[in-house]
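Remarks on the structure that follows.
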Amino acid sequence: VDAFQAWCGPCKPVVNLFQKIRSEVGSDLLHFAVAEVDSIDALEKYRGQCEPVFLFYARGELVAVVRGADAPLLQKTILEQL
């Protein structure tokens with residue numbers, strides 16, 4: 001989940017990375033979503049930050065968090081979680 005604030009929007013460059021990985025590993029294993037933290041109370045702790053935050057969930061549980069648009073770290077985290 002790309003957790004973003006309304007004033008900066010979702011991290012568009014990372015969408016391409018997710019699409020590439022998803023095509024490599026299969027669409028059933030990886031799902032990408034965006035969430036505006038300003039309108040979701042459960043994501044309140046991610047408000048007021050000036051960097052993108054990516055939340056990784058498995059079976060409904062938060063399993064990893066990556067702060068910043070670090071493509072190699074995001075790819076590593078995705079592959080580790082899969």
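Return one number: the angle in degrees, 0 to 90 and rounded to the nearest 10, between the long axis of the Cα atoms of helix 12-25 and the longest principal axis of the Cα atoms of the chain.
30
Which of the trypsin sites (Lys or Arg not before Pro) found in the stretch 38-71 are in a DSSP loop and have at most 13 neighbouring Cβ atoms, other than their own, within 10 Å?
Counting only loop positions with at most 13 other Cβ atoms within 10 Å, the trypsin sites (Lys or Arg not before Pro) in the stretch 38-71 are R47, R59.
Compute the angle between helix 71-81 and the longest alpha-carbon principal axis of the chain, please, reported from 0 to 90 degrees and rounded to the nearest 10.
70
Round to a whole number: what % of the accessible area of the chain belongs to carbon and sulfur, probe 1.4 Å?
52
Pop a pseudo-label 7 angstrom from the Cα along the beta-carbon direction at both C50 and K76 and give the gap in nm to one decimal.
2.5
Grab the beta carbon distance between R22 and L62, set R0 = 22 Å, and tell me the FRET efficiency rounded to 0.05.
Here the calculated transfer efficiency is 0.65.
What does DSSP give for the chain in terms of the percent of beta bridges that are antiparallel, rounded to the nearest 5?
Counting only bridges with both partners in the chain, antiparallel ones make up about 75 percent.
With each run of n ≥ 4 DSSP H residues scored as -39500 (n - 2.57), what mean residue ellipticity at 222 nm is computed for the chain after dividing by its residue count and rounding to the nearest 500 deg cm²/dmol?
Rounded to the nearest 500, it is -9500 deg cm²/dmol.
The values are calculated or read from the model by the stated rules, or taken from the named source; none is laboratory data. Computed from a prediction, not measured in an experiment: that's the story for all the values here. Cβ sites come from the backbone with ideal geometry, for glycine too, and all protein chains shown count toward neighbours. The accessibility values were calculated without ligands, DNA or RNA, using every heavy atom of the protein model including side chains. Shrake-Rupley method; radii C 1.70, N 1.55, O 1.52, S 1.80 Å.
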